[in-house]
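The values are calculated or read from the model by the stated rules, or taken from the named source; none is laboratory data. Model, not experiment: these values are computed from the prediction. Glycine gets a Cβ as well: all are built from the backbone with ideal geometry, and neighbour counts include every protein chain shown.
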Amino acid sequence: MVRPGKIMVYAFLIIVLVVTLFPIWWIFSTSVETASRAYAFPGALWPNWTWSNYRTAWELAPWMRFLLNSVGIGLVTTALALLTSLLAAYGLVYLPTRFSAIIFTVILATMMVPFYSIIVPDYLIVRDLGWLNTYTAQVVPFAANGFAVFMLVQFMRGLPIELRDAARIDGITDWGFLWRIVMPNLKPAMATVSIYVFLLSWNAFLWPLIVTNGPTVQPIQVGLANFLSTANGTDWTVLSAAAAITTIPVLILYAFAQRQVVESVSRSGIKG
Amino acid sequence: MSTTTRMVSAGIMAVMLSGVAAGCGNTSTPTPSASPKVTGPVTITFWNEMTGPYEAALDKVIHQFELQHKNITVDDVVVPNDATLEPKLLSAVVGQDPPTISQMNPPWATGFIETGSLVNMNPFINSSSGFSLAPYYPNLLKAGRWPDGGQYLMPFNMGAAIMYYNKNAFQQAGITSPPTTWNEFSKDAAKLSGNGRQAFAITLVHTYPWLAFFYQAGGNFVLKNGQPNPAAFSATGPAVKALTLWSNMVNNGSAVLTQGYGSQTDFANGTSSILIGTSAFDPYLVQAVANKFPIGIAPLPGDVTQTTSAFGGYLGIFSKATASQQTAAMEFVKYLTSKAGQLSWMENSQGYLPVRDDVASSAASFLATHPAQKVSLSVLPNAIMSPKVAWWDEFSHQVLLNDIEAVLLKKETPAAAMSSAYQQAKSLAQKDGTY
């Protein structure tokens, strides 16, 4: 016999599930709705299955290109940021000099400078390097990240210092120690940093907008904004279809990496 | 996003103007090349905000231009909206890497003119390969002309505020014709309201719907010297009068403030029956209403004057472009604003109006089936453009919108809101300059 308490728990979970999924259903049902029914009040829960909205949305913008750009820029930025942060953190923790504290403070200080205040100097640098309208302009400025260094330093400091001494006795070099001892022990921190940097890159809007001029290199956020924004109104059905097209790959990705995403968010206290 | 990017724009503008103050900028007034023809192949970059359906319409016009000008290629770069085009443009100007030509709002141009970044189009317009300004609506041209007499901007995509109404609702309420005065407007709205329905759904994405009422009350926010006009903000002035009309309608339940373009949703589903917008609202409304009721379109009701507000973008050419690019860009401006270009633009964009008075005669069949454009065109010659002073954009988007909203949400009285708005306008004029 099922206990009443368990029924209550399941009933509560079902309510939470419905409340959580309803907006997603609403986007999807609007995406296959006729325009006039989409504006009806109160709205219909069951749509009219007008799949042509997807064709219209698909034809209006190169969504696959935007998606691939976002994924590519995000992955490369994440890989580079992870590499630079690991090396910086390793140097600060295991190869200390009398300037280490100052360097760490400077790295932390970069987290306190609002990005908007360095847009112009960053733009001038990118322009002088001939990187305007390239992937490079969207990757390199974010290939080093103060927060990532801070996170990894904190985790590295948590590793027993005896490990380093033991490795030295065994003749392991710094590279070997980093690669064979430190990194395997830092997997949770590296996952946190990776997801943080990837989300930062995925959500970037103003910088890519300023340094790029066309869909060939632009990420999904800029593409979606171009599509959503008109000065006179919104075509909700086609907009919902576009939102669904761009959300589905992310939902699939999330389904595969759900555990890591949830853990990294709870570990770092950040949200996407 | 909008607020943040506008703050970014203000910061970048400060950097740009500080360069001028330090003597780094080229403050001479550039003029386009004297070369009357584009001799070799040239590519011009055109930044604009024509997203979604307008992008396809603009592509057609550009294609037509390229067919007629085999040597010129137009690289069309679409940016989502004002709030993103402005910081992108400012960064590019500061970085000495602007496009050849860009859509822009007149208030942005002041900084560009001060730094010598924008081309004075007069020499080209007056040259043998130039064009006559006579057919252009003077009120639209004026907003692109600066006190030094230079025509730095040419009007391109224009709309004028008009009234959409639900004909069935009007008939059921016993209203035989749309209101022509403020008094009739508020009385009709009251008749159409009740049972949880407010007749007038207010759109406040931009200030232009409210500015139409302000102008009708005889208002003018900017003095000839570019400073804020204290009379416009006074307790007995036009701003308070227009605000009082709207706030009274909200308070008595005949108007409702909506978010974003929620007013279009309210109108389409029949919970409101009056909507104020430009002719560019029309395609969205026709699609959303889908023959549920006939849509009526009329000029706005008047008060002291029978006018409305014009709303839209201008074209400016940057001096950083080569002489050949500047000439090609002027050819492009000439085509876009020509009779043929404007006719094609109006018909394909399904919402914007021509900027010259000789287009309507060639578009009789189009206008017969597009009443929104027809009504808008009838009011466009007397429509008033927003001021072009440098402080206007921030004042309009940050100060005025917030103050109107505060009054409609009963957080402030109209007089208190406008008194505060005046102080902020003075402060902005001091910070950003005027012309």
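Worth a mention:
- Any chance A:Pro215 is closer than 19 Å to A:Arg55 by Cβ and either touching a residue at least 40 places away in the same chain (Cβ under 8 Å) or not in a loop (DSSP other than H, G, I, E, B) (or both): yes
- Breaking point among (1) at pLDDT below 90; (2) assigned by TED's automatic domain parsing to the domain that holds A:Tyr135; (3) among the hydroxyl-bearing types (Ser, Thr, Tyr), for A:Tyr90: (1)
Conditions (1) in a helix (DSSP H, G or I); (2) surrounded by fewer than 20 Cβ atoms within 10 Å (Cβ to Cβ), marked per residue:
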position: B:Gly116; (1), (2): no, yes
position: B:Phe124; (1), (2): yes, no
position: B:Asn157; (1), (2): no, no
position: B:Asn168; (1), (2): yes, yes
position: B:Gly174; (1), (2): no, yes
position: B:Pro179; (1), (2): no, no
position: B:Glu184; (1), (2): yes, yes
position: B:Lys187; (1), (2): yes, yes
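- Here the condition is being among the small types (Gly, Ala, Ser) and outside the structural domain of A:Trp207 (by TED's automatic domain parsing); of A:Ala79, A:Ala38, it holds for A:Ala38 alone.
- Filter result for the condition that a residue is within 28 Å of B:Asp303 (Cβ to Cβ), within 21 Å of the chain's Cα centre (by Cα) and outside the structural domain of B:His397 (by TED's automatic domain parsing), over B:Pro147, B:Pro106: B:Pro106
- Only listed residue being farther than 16 Å from B:Tyr335 by Cα and more than 20 Å from the chain's Cα centre (by Cα), chosen from B:Val38, B:Val94, B:Val79: B:Val94
- Note on segment B:193-210: residues that are more than 22 Å from B:Thr278 (Cβ to Cβ) and not in a strand (DSSP E or B) amount to 3.
- Residue within segment A:238-257 that is within 24 Å of B:Glu86 (Cα to Cα) and of a type outside the set (Ser, Thr, Tyr) present: no
- All of (1) assigned to a helix (DSSP H, G or I); (2) surrounded by fewer than 16 Cβ atoms within 10 Å (Cβ to Cβ) hold for A:Met156 with one exception: (2).
- Yes/no for B:Phe281 being more than 7 Å from chain A (Cβ to nearest Cβ) and surrounded by 24 or more Cβ atoms within 10 Å (Cβ to Cβ): no
- Residue within segment B:291-299 that is within 11 Å of chain A (Cβ to nearest Cβ) and surrounded by 23 or more Cβ atoms within 10 Å (Cβ to Cβ) present: no
- Whichever residue in segment B:310-342 is of a type in the set (Ser, Thr, Tyr) and either farther than 30 Å from B:Leu367 by Cβ or touching a strand residue (DSSP E or B) at 6+ places or on another chain (Cβ under 6 Å) (or both) and, among such residues, is surrounded by the fewest Cβ atoms within 10 Å (Cβ to Cβ): B:Thr322
- The C-beta contact set for segment B:404-416 (first residue among the small types (Gly, Ala, Ser), second residue assigned to a loop (DSSP other than H, G, I, E, B) and crowded, with 18+ Cβ neighbours inside 10 Å, distance under 7 angstrom, 6+ apart or interchain) comprises B:Ala406/B:Glu412.
- Residue list for segment B:34-80, filter: away from chain A (no Cβ under 13 Å), aliphatic (A, V, I, L, M) and exposed (fewer than 15 other Cβ atoms within 10 Å of the Cβ): B:Ala34, B:Leu67
- Restricting attention to segment B:81-93 and to residues that are more than 7 Å from chain A (Cβ to nearest Cβ) and more than 20 Å from A:Leu60 (Cβ to Cβ), the residue that is surrounded by the most Cβ atoms within 10 Å (Cβ to Cβ) turns out to be B:Leu90.
- The set of residues from segment A:194-219 being of a type outside the set (A, V, I, L, M, F, W, C) and either within 11 Å of chain B (Cβ to nearest Cβ) or under 17 Å from B:Asp97 (Cα atoms) (or both) comprises A:Pro208, A:Thr212, A:Asn213, A:Gly214, A:Pro215, A:Gln218.
- Segment A:1-32 - residue that is at pLDDT below 90 and not in a helix (DSSP H, G or I) and, of those, surrounded by the fewest Cβ atoms within 10 Å (Cβ to Cβ): A:Met1
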